[in-house]
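This report concerns only the one structure given below.
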């Protein structure tokens, strides 16, 4: 029994990690009042550049960082358009996803089918002994721990630090924050860039550890699920962790069910995460008051400082 | 001649595209005085104080602080010098606590120490605040206190307040004045911006009066009468309000009985047991401080938020509870909500399109779902002509009109539909004096033509000038309706701060 | 100092010029990309943007591709005007193909003349059903329509995969995923024997004009615009939000479904896993490039279709990855959003001493 459960729980965390990164980044971004629907595009950009970086340098960790950096660059396009040129955030986010999908497919065309030295777990038990419980705590790769750490750090940052308070203030009322003298646009730039960094890292994790290879559109909607997770979490970082692990779990259930062969076609089982996202959205959103109280009041509202 | 003034302005000029907001303004403020900056809407008061506070930069002119030249590059710089400001629109964060709101306006510091500091300051000036509540739960008076405490904690030598009493009850106003006097007695200066003459006479040591961007007079308010101040402010003799012709009340036009609503927003107010009747040819005024249920009453009357939880609304004798806005208009009602852009009109639509906004079920303008644009255009031409709307044409965007012109357009659009019942919220809020007079005249003549009119307004002077009867709204409840000649402004003010459902009623509900 | 001032009225010139400027900028960007990839920019640009337009077969293919784009984008424009963000047109397109095309799969030996009209009708219904899910969840449970409609894209794709691999697989298909080819009675006839251009084009041409009439001349269109630009004012005018959300989603879903069944019937002739080269997403770009104006969408549909064909040609002739097309589409939308500013604000060069600009 343990032989089945431990690997499943291990993969659950691996499946949750890209979501933890992307959703935490988007949460911080949304807390500042900016809705960036380009998460999917930024993840793909991060995945492809991370992969190329690892191929070129031969070091998966360097690739990982390059993935994060490329996520920042992608997010800055969005930031310039929405924050400086006051374009519609929904449309611009969609454009970023379309752009990221195209760019990653173009850049990655030569790398399809290549293999790399993937990011490895810290501790692997002897194959002969089979899985053991220590693995659950020490057996992940460093990025999994990093993801949880960053998430906890963000939770602390938002609720306890002064800059976290300022970030929330900017999302609650950009006009007030501007009147008091905070550089609203600059703060939002930083938040969007952080979102880009995290989405890029999440994407890079996909191509460097989760399925260590590059394929077109390999994020398969995880960017959108990350967006849904932020709503699910009512903009609270700790709940993002639960949500991401929950989705990791669903992914594993689906994979295991396919492996065991319950007679349910693979395509139908693969629908599970997407169906679950819809169900979760419905359950959370039906309490409209709760959403209204928790959502940043300026979310997706254009802001142009007056003269 | 005393020492050099605390703040001195010399020849301040500021222009915006299409308007000269300030023209060669001189002003000096002494330490320890409460100085009024008096003027109508659009006289240039706000521009001038924004220059002092570093929000705007003057085109020409100099500022001097305690005899030395002063450059204020930003509000932060102004605060460092010792200038604090409380804006008319508060810079608050609804979803955050009072403590966080105050901390955000101050340099980084230890939260525990800040808490003690706030308590001490609040206590010494009589500004009660619960630091752990979220702002959205607070009254406007409490919110203003946050702003004042924010400023005081920075130990300003000059505190600027922009129209501070527009959101306060008379009792809250008294409390504010006590605080301001205490500040002046400590040697601080207060620059008090207002267009309310009586307040300025009560509170201020000196007054500078602006008109059309220019300084027109300096005076000591205590030595003036409200009439003489008003004449300086407006620049001509004020005609006494025309005596209201006694009217024969007709049939009930709008009848509201024991109206109750739930609130549909987390921070909203619910209405309880409101009753009033307005007969044809009669104007009823509902006075009260903003945020006491006016918005909720308006949307209950328009039908925008669905049927009330209980009670009844009758328009021209027909029950209207279950009806939406279109059906209520068909019964003969018309509405002018408070918010001009985004509610009564759409900023990025043309005037032609905006004139279709509330006439879209009129067969003259729309048949079988197809719009007759030429007819709609003719209607908007008629509105702009009859109501003297100054615009480049009916294809101009609503957002390009000044507040007064847009309000005339909206009021005109409703009145030209000859409504039996007209409900107007804040008819002249933020409107220049000329447009306000036009709107008042139009409302009065509509009543004389036999319409039943409800005016919801925070401006007590407006209600006293226009209405036949008056009631006060407070915390979602309505006071007894009384003839306008039977009450004094002071009595109305007292009614603004209390709930109007009977205590016995509450007690019986508590025991059952 | 460069400053922005709101315009007193919308500039019609700027509104029509900004897509053109966006196009020109995209071509310039494309040149840079081609040079960076070591391609001859002039030759590649020619293959990309002009070659599709110089031959009859090229024009026919452009029209074949523009058809679904125009249909879907026209439908989406209603939602986008109303602020209802249906971005799951791809899923609605697939459902239209499944439900409409399914009829042809079941009656694969039919010669009934009613088969084709029934398929088209069922295609619309299929798209509407898929769009009704976000509509219901939005109006009843307040669930975000962007995320729900998007999740349904993935589900629709998997559903199609399941069907063409499983129950609907062609028994004579040697194991390839795909249904039987449709009977003649289920196929939209072509105009010219040697080209793929079919009668679906007529529908794609007529729809924008119908939509233009709805938007510009009817109360329904006015309500849609009102609801999008000022929800409170719309409420004041008696517009019911539930109704607007339902109507705009159903229109978007219906037209996407119609596009799906037309593609299956007219262009492909069967159901297979990749019946869409991302039309549902590309149509979003078409809608914006056409400024949500039905006639603008017609033009934009042609422009984007050219980049599709150009991308295919470039792949064959110049060995360029097909993904360049997607990249161009993203870039064009970026430029468009950037230049949109010009229609709303006037750019003013002026020396200003304002501290906010220092």
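The values are calculated or read from the model by the stated rules, or taken from the named source; none is laboratory data. These figures come from a predicted structure and were not determined experimentally. Don't worry about glycine lacking a Cβ; one is built from the backbone with ideal geometry, like all the others, and counts go over all protein chains shown.
Take the residues in the range C:218-236 that are at the interface with chain B (Cβ under 7 Å from one of its Cβ atoms) and within 12 Å of residue B:349 (Cβ to Cβ); name whichever of them is surrounded by the fewest Cβ atoms within 10 Å (Cβ to Cβ). So the residue we want is C:229. Scanning the range C:12-28 for residues that are farther than 24 Å from residue B:350 by Cβ and more than 23 Å from the chain's Cα centre (by Cα) yields one hit, C:28. Among the residues of the range B:58-77, the one identified as within 12 Å of chain A (Cβ to nearest Cβ) and either under 27 Å from the mean Cα position of the chain (by Cα) or modelled with pLDDT of 90 or more (or both) is B:75. I'm told residue A:218 meets every condition in (1) away from chain B (no Cβ under 14 Å); (2) surrounded by fewer than 24 Cβ atoms within 10 Å (Cβ to Cβ); (3) part of a helix (DSSP H, G or I) except one. Can you identify the failing condition by its number? Looking at each condition in turn, residue A:218 falls short on (3). Might you check whether a residue that is away from chain C (no Cβ under 14 Å), part of a helix (DSSP H, G or I), free of Cβ contacts under 8 Å to residues at least 60 places away in the same chain and more than 23 Å from residue A:289 (Cα to Cα) occurs anywhere in the range A:200-211? No, that holds for no residue.
Within the set B:311, B:347, B:285, the sole residue that is free of Cβ contacts under 8 Å to residues at least 60 places away in the same chain, in a strand (DSSP E or B) and surrounded by 17 or more Cβ atoms within 10 Å (Cβ to Cβ) turns out to be B:311. Taken together, B:417, B:426 contain a single residue that is touching a strand residue (DSSP E or B) at 6+ places or on another chain (Cβ under 9 Å) and on the phi < 0 side of the Ramachandran plot, which is B:417.
Among the residues examined, residue A:17 does not qualify as surrounded by fewer than 21 Cβ atoms within 10 Å (Cβ to Cβ), on the phi < 0 side of the Ramachandran plot and touching a helix residue (DSSP H, G or I) at 6+ places or on another chain (Cβ under 8 Å).
Selection within the range B:155-178: residues that are touching a strand residue (DSSP E or B) at 6+ places or on another chain (Cβ under 6 Å) and over 17 Å from residue B:195 (Cβ atoms). The member of this set that is surrounded by the fewest Cβ atoms within 10 Å (Cβ to Cβ) is B:156. Remark: residue B:48 falls outside the filter, which requires a residue to be more than 14 Å from chain A (Cβ to nearest Cβ) and touching a helix residue (DSSP H, G or I) at 6+ places or on another chain (Cβ under 8 Å).
Note on the range A:170-199: residues that are assigned to a loop (DSSP other than H, G, I, E, B) and surrounded by 22 or more Cβ atoms within 10 Å (Cβ to Cβ) amount to 1. Here residue C:140 meets the list (1) in contact with a helix residue (DSSP H, G or I) (Cβ under 8 Å, 6 or more places away or on another chain); (2) at the interface with chain A (Cβ under 9 Å from one of its Cβ atoms) almost entirely, failing just condition (1).
This table checks each residue for (1) in contact with a helix residue (DSSP H, G or I) (Cβ under 6 Å, 6 or more places away or on another chain); (2) within 25 Å of residue B:463 (Cα to Cα); (3) not in a helix (DSSP H, G or I).
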{"site": "B:289", "(1), (2), (3)": "no, yes, yes"}
{"site": "B:297", "(1), (2), (3)": "no, yes, no"}
{"site": "B:300", "(1), (2), (3)": "no, yes, no"}
{"site": "B:306", "(1), (2), (3)": "no, no, yes"}
{"site": "B:323", "(1), (2), (3)": "no, no, yes"}
{"site": "B:335", "(1), (2), (3)": "yes, yes, yes"}
{"site": "B:339", "(1), (2), (3)": "no, yes, yes"}
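Residue C:205 falls short of the stated requirement of being at the interface with chain A (Cβ under 10 Å from one of its Cβ atoms), surrounded by fewer than 20 Cβ atoms within 10 Å (Cβ to Cβ) and out of contact with any strand residue (DSSP E or B) (no Cβ under 9 Å at 6 or more places or on another chain). For the range B:37-56, filtering for residues that are over 19 Å from the mean Cα position of the chain (by Cα) and not in a helix (DSSP H, G or I) leaves 4.
Listed here are the residues, each with its yes/no results for (1) over 25 Å from residue A:164 (Cα atoms); (2) within 14 Å of the chain's Cα centre (by Cα).
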| residue | (1), (2) |
| --- | --- |
| A:22 | no, yes |
| A:27 | no, yes |
| A:31 | no, no |
| A:40 | yes, yes |
| A:46 | yes, yes |
| A:50 | yes, no |
| A:55 | yes, no |
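Condition (residue is at pLDDT below 85 and farther than 23 Å from residue A:41 by Cα) applied to the range C:262-282: is it met by at least one residue? No, because not a single residue in the range C:262-282 is at pLDDT below 85 and farther than 23 Å from residue A:41 by Cα. Residue-level analysis places residue C:72 outside the set of residues that are in the same structural domain as residue C:206 (by TED's automatic domain parsing), farther than 30 Å from residue C:170 by Cβ, buried (at least 16 other Cβ atoms within 10 Å of the Cβ) and modelled with pLDDT of 90 or more. Looking across the range C:268-294, the residues that are more than 10 Å from chain A (Cβ to nearest Cβ) and farther than 27 Å from residue C:189 by Cβ come down to C:289, C:290, C:291, C:292, C:293.
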